[in-house]
Amino acid sequence: MTWILFLLLPAACLQAGNSAGSIRVKTFGVNQPARLSGVQGSSIEIPFSFYFPWELAKDPQMRILWRWKVFHGEFIYNSSSGFIHEYFKDRLILNWTQPQTFGVLRILDLKEKDQTVYFCRVYLKTIKRIEAVQSIEGTHLTVIPGEPPWLRL
């Protein structure tokens, strides 16, 4: 039995692309910070950028969407429709303009329930089809309790 496992191990490594000299280069993705923290009642900016190898259509129709909590979580923002999740009403601002490949999502008036993970997703029209790219890990936001209003001078 040990011999079978020993013989299968090199094949498994080759299939996974882990052989000596094998280099995996990711050609598309979304960059955003792994962790951020902000004080309750203040605002926070989540910067993002994205990259891709595809040739864009003349009108790439780029769209930026944001999800929260989990990778396949609810959408909280959609740049093309102007959709903002009811929970974030009047508290989200996207600072991004097509064709930029970077921007910032600002969350105003941070609340305790805002402490979760945020994922940026990008759709763009290429000469062949519409492609989607999303951050895998997202940004983990920590909300630090702020001073009660009566303590502020």
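Structural remarks
- Restricting attention to region 77-96, the residues that are part of a loop (DSSP other than H, G, I, E, B) and hydrophobic (A, V, I, L, M, F, W, C) add up to 1.
- Subset tally (residues that are exposed (fewer than 13 other Cβ atoms within 10 Å of the Cβ) and in contact with a strand residue (DSSP E or B) (Cβ under 6 Å, 6 or more places away or on another chain)) for region 87-103: 2
- Members of region 105-147 that are surrounded by 14 or more Cβ atoms within 10 Å (Cβ to Cβ), closer than 13 Å to F48 by Cα and of a type in the set (A, V, I, L, M, F, W, C): L105, F119, C120, V122, V133
- The residue of region 45-75 that is farthest from H140 (Cα to Cα), among those that are of a type in the set (V, I, T) and open to solvent by less than 20 Å² (accessible area, probe 1.4 Å), is I64.
The values are calculated or read from the model by the stated rules, or taken from the named source; none is laboratory data. Note that this is a predicted model, so its numbers are computed, not measured. Here Cβ is always computed from backbone atoms with ideal geometry, including for glycine, and neighbour counts include all displayed protein chains. For the accessible areas, the whole protein counts, side chains as well, though only heavy atoms, and no ligand, DNA or RNA atoms are used. Shrake-Rupley method; radii C 1.70, N 1.55, O 1.52, S 1.80 Å.
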